[in-house]
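Q: Quick one: this structure, given as structure tokens, is what I'll be asking you about.
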Amino acid sequence: MKQGPRLEMIQENMKPGAYTAHGFLGDDDRMLKDILREDNSAVERHGISHGEIAAKMRYFTEIGRRFPESTVTDGDFEITVDDHRGFIPCPFADNEKALKTNTRLYNKRTGETVYWSDLNIHMIMSHGFYEGKGSFFRTGPVELAKTLGLID
Ligand SMILES: [Zn+2]
């Protein structure tokens, strides 16, 4: 089934060269509504929420931001936040802008590392969007929740 004109417009914003050089979709050729629905079902199946995932991301980013460009340890986690300036607009066209800051999180217990931008935190919190498959910043919600220590 086709998706509505609003999601169609947002998906255009996500293509390479629109809002960012690489866009938000990677090499994922699914419709945005299907990307959102599949990630949402995965989150529900594990009994967690986009809000919980985004809140934990924000928690680590705030810790790392106290010492930009340094690695900060918090329990089993190592956090590094870079010091980019400038803002990037949300492709969902809701007038949200996020700092261009990036966070790297290493989970010593699982050996996994994940990356996200401040915009990813907003897009997960407000839109349940984790980017398309093959996109640099995409980590699927289940893998992300595991690395964040929310689920086993
Ligand atoms: Zn937004």
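What follows draws every value from the coordinates through simple rules; no lab data is involved. Everything numeric here is computed off the predicted structure, so don't read it as measured data. Quick reminder, even Gly has a Cβ in these numbers, built from the backbone with ideal geometry, and neighbours come from all protein chains shown.
Q: For the range 25-93, calculate the relative contact order in percent as a whole number, restricting contacts to Cα pairs under 8 Å that are 6 or more residues apart.
A: 17 percent
Q: Evaluate the Kirkwood expression for the hydrodynamic radius of the range 111-152, namely the inverse of the mean inverse distance over all pairs of different C-alpha atoms, and round to one decimal in Å.
A: With all distinct Cα pairs of the range 111-152 included, I get 10.6 Å.
Q: Another question, if that's okay. Taking a ≥ b ≥ c as the square roots of the eigenvalues of the Cα gyration tensor of the range 1-62, is the shape rounded (a/c under 1.5), prolate (a/b larger than b/c) or oblate?
A: oblate
Q: Using the basic label-point model (7 angstrom from Cα toward the beta carbon), what is the Arg109 to Lys133 distance in nanometres?
A: Computed distance between label sites Arg109 and Lys133 equals 2.9 nm.
Q: Right, next: What spacing in nm lies between the two simple spin-label points modelled at Arg30 and Ala42, each 7 Å away from Cα in the Cβ direction?
A: The answer from the label model is 0.8 nm.
Q: Sticking with this structure for a sec: What trypsin sites (Lys or Arg not before Pro) does the range 33-81 have in DSSP loop regions with at most 12 other beta carbons within 10 Å?
A: Sparse-neighbourhood loop trypsin sites (Lys or Arg not before Pro): Arg66.
Q: State whether the range 5-147 is rounded, prolate or oblate according to the following rule on the C-alpha gyration tensor (a ≥ b ≥ c being the square roots of its eigenvalues): a/c under 1.5 gives rounded; otherwise a/b larger than b/c gives prolate, and the remaining case gives oblate.
A: Here the range 5-147 falls in the oblate category.
Q: Still on this structure: With label points built 7 Å along Cα→Cβ from the Cα atoms of Ala55 and Ser70, find their separation and express it in nm.
A: For the pair Ala55/Ser70, the computed spacing is 2.9 nm.
Q: Moving on to the next point. Among the listed pairs Lys33/Lys97; Lys2/Lys56; Lys33/Lys100; Lys2/Lys146; Lys33/Lys108, give every one whose C-alpha distance is greater than 30 Å.
A: Lys2/Lys56; Lys2/Lys146; Lys33/Lys108, as the Cα separations exceed 30 Å there.
Q: Continuing with the same structure: Quick check: residue separation of Phe87 and Ser126 times 0.36 nm, minus the Cα distance between them. What number comes out in nm?
A: Taking Phe87 through Ser126 to full extension adds about 12.3 nm, to one decimal.
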